[in-house]
Amino acid sequence: MILCSNPTFGYLAYKNEIDSAIKRVLESGWYILGEEVKGFEQEFAKYIGVDFGIGVNSGTDAISLALRAMGIGLGDEVITVSHTAVATVAAIEMTGAKAIMADVEEDFFTLDPAKIEAAITSRTKAIIPVHLYGQPADLDAILKIAKKYNLRVIEDCAQAHGAFYKNKRVGSFGDMACFSFYPTKNLGAIGDGGMVVTNNAELAQRAAMLRQYGWKQRYVSEFAGLNSRLDELQAAVLRVKLAHLDEDNSKRMRIAKMYNNQFAGMDLILPKNRKDCTHVYHLYVIRTKKRDEMLRYLKKNQIAAAIHYPLPVHLQPAYNQGQNNVNITENLAKEILSLPMYPQLSDSDVQIIIDAVKGFYNEF
């Protein structure tokens, strides 16, 4: 079976380095918020092009803590998308705020700036654009609207580590930005992990305090906080993999190019690249009206394609409110299909996948 993603291969690719990093932590005797976390925070912030990084327990917590650091919570509204991992909306709701879900651009699957203003009310405090599948959102237009209405912008970069929007990496544009290091991500740990990044020293300090009970001085809570700490083992692994991130992203882009070349002219809608931006292909997502039939066919042929995401967040029982004209989102959910994509995917396996997709059209 060719998996849609394969974190095990990500470990095996750098096994000696990762094993050495883990051994270093185990022998250090320091396992929480030590030198590994500090080192990774500094290295990742520098990589993104910002001043501060705050390692936390997950990407979900990263968004929740960023909102809390800005004082956003009960009674407030935050505009985002419904076509995203449920974590984006769950993180907003965790603060007591309400997620208002706007529609996406049909070509790029990211927040449509033209749909934002209609969603703004007197309670709106922030916008969270999601750089979905590795594709940057239209940040210039989003930031312009945010400035007009005095709204905060938090970038959800969970699927776009290393992507460029024009000449800067995503995560360096908003007031704050949030990353996930879930094992399948472009930069994945061997467990959960996340980070908040920012250029704002005050927000950085508040987020750092929030992740550990509101402590500035140990055991003294200056305000109510959480327990959301990136641990030393994960930080050590991520430091190893960060050094290879650009190389791994290049491999993803090469695989995407192979798919694009072989699927050109077929009855498929292929991923589009936003002008002057870099798509890092966390996922390679095609569109077809025969999606369900193709999914079954590929699985029958030992190819584990997947759907990201089969049910828009606003249609899920826990979050079936707060949507605002999301017809494109609802249509996309019926047609999208993620083909296998990870840096260690071999050329021979890519060709097997390509041949299976072509085989499907020969039969259907």
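The values are calculated or read from the model by the stated rules, or taken from the named source; none is laboratory data. Keep in mind that this is a model prediction, so the values were computed, not measured. Note: ideal-geometry Cβ built from the backbone for every residue, glycine included; neighbour counts use all protein chains shown. Areas reflect the complete protein model, heavy atoms only, side chains present, ligands, DNA and RNA absent. Shrake-Rupley method; radii C 1.70, N 1.55, O 1.52, S 1.80 Å.
Which value in nm describes the separation of the simple spin-label points at residue 164 and residue 351, placed 7 Å from the Cα toward the beta carbon?
So the label points at residue 164 and residue 351 sit 3.2 nm apart.
Please go through the stretch 278-316 and write out the trypsin sites (Lys or Arg not before Pro) that DSSP classes as loop and that have at most 16 other C-beta atoms within 10 Å.
Within the stretch 278-316, the qualifying trypsin sites (Lys or Arg not before Pro) (loop, at most 16 other Cβ atoms within 10 Å) are 289, 290.
Between Rg and the Kirkwood Rh of the stretch 1-158, both from Cα atoms, what is the Rg to Rh ratio? Numbers along the way, then the final one.
Values: Rg = 18.5 Å, Rh = 17.7 Å.
Reported Rg/Rh (Cα atoms, Kirkwood Rh): 1.04.
Apply 1/(1 + (r/R0)^6) to the Cβ-Cβ distance of residue 320 and residue 257, taking R0 = 41 Å, and write down the FRET efficiency to the nearest 0.05. Mind showing how you got there, number by number?
Numbers: r = 39 Å, r/R0 = 0.96.
Once rounded, the FRET efficiency stands at 0.55.
Using only alpha carbon pairs under 8 Å that are at least six residues apart, calculate the relative contact order of the chain and give it in whole percent.
23 percent
Work out, step by step, the length gained on full extension between residue 114 and residue 202: first 0.36 nm times the residue separation, then minus their alpha carbon distance; give nm to one decimal. Don't skip to the answer; put the middle values down first.
On the way: separation 88, 0.36 × 88 = 31.68 nm, distance 3.17 nm.
Gain on extension, residue 114 to residue 202, equals 28.5 nm.
Per-residue accessible area for residue 279 at 1.4 Å probe radius, Å² rounded to 10?
10 Å²
Sorted from largest down, give the three principal axis spans of the alpha carbons of the stretch 203-289, whole angstrom values.
The Cα atoms of the stretch 203-289 stretch 63, 30, 25 Å along the principal axes, largest first.
Sorted by accessible area (1.4 Å probe), largest first, how do 252, 123 line up?
123, 252
Counting heavy atoms of the protein chains only and a 1.4 Å probe, report the per residue accessible area for the chain as a whole number of Å². All intermediate terms of the calculation are to be shown ahead of the outcome.
Values: 15380 Å² over 364 residues.
The answer is 42 Å² per residue.
Counting only C-alpha contacts under 8 Å and six or more residues apart, can you give the relative contact order of the stretch 60-106 as a whole percent?
45 percent
Among the lysines, which have Cα under 27 Å from the Cα of residue 241 when same-chain residues fewer than 8 positions away are ignored?
The reachable lysines, counting only those whose Cα sits under 27 Å from residue 241, are 15, 23, 38, 46, 166, 168, 185, 251, 257.
Students sometimes get this wrong: rank 239, 24 by accessible area, probe 1.4 Å, all chains present, largest first.
Highest to lowest solvent-accessible surface, that is 24, 239.
From the protein chains alone at 1.4 Å, what is the descending order of accessible area for 251, 241, largest first?
Putting 251, 241 in descending order of accessible area: 251, 241.
Translational diffusion coefficient of the stretch 5-56 at 4 °C, 1.567 mPa s, Stokes-Einstein with Kirkwood Rh over Cα pairs, in µm²/s as a whole number.
Values: Rh = 12.7 Å.
It comes out at roughly 102 µm²/s.
From the P(r) of the chain, can you give the percent of Cα pairs sitting at distances over 28 Å?
Numbers: 28653 of 66066 pairs.
Above the 28 Å cut-off, the chain has 43 percent of its Cα pairs.
Evaluate the relative contact order of the stretch 33-120 (contact order divided by residue number), counting alpha-carbon pairs under 8 angstrom at least 6 apart; express in whole percent.
22 percent
Label-point separation (nm) for residue 219 and residue 1, each offset 7 Å from Cα along Cα-to-Cβ?
5.1 nm
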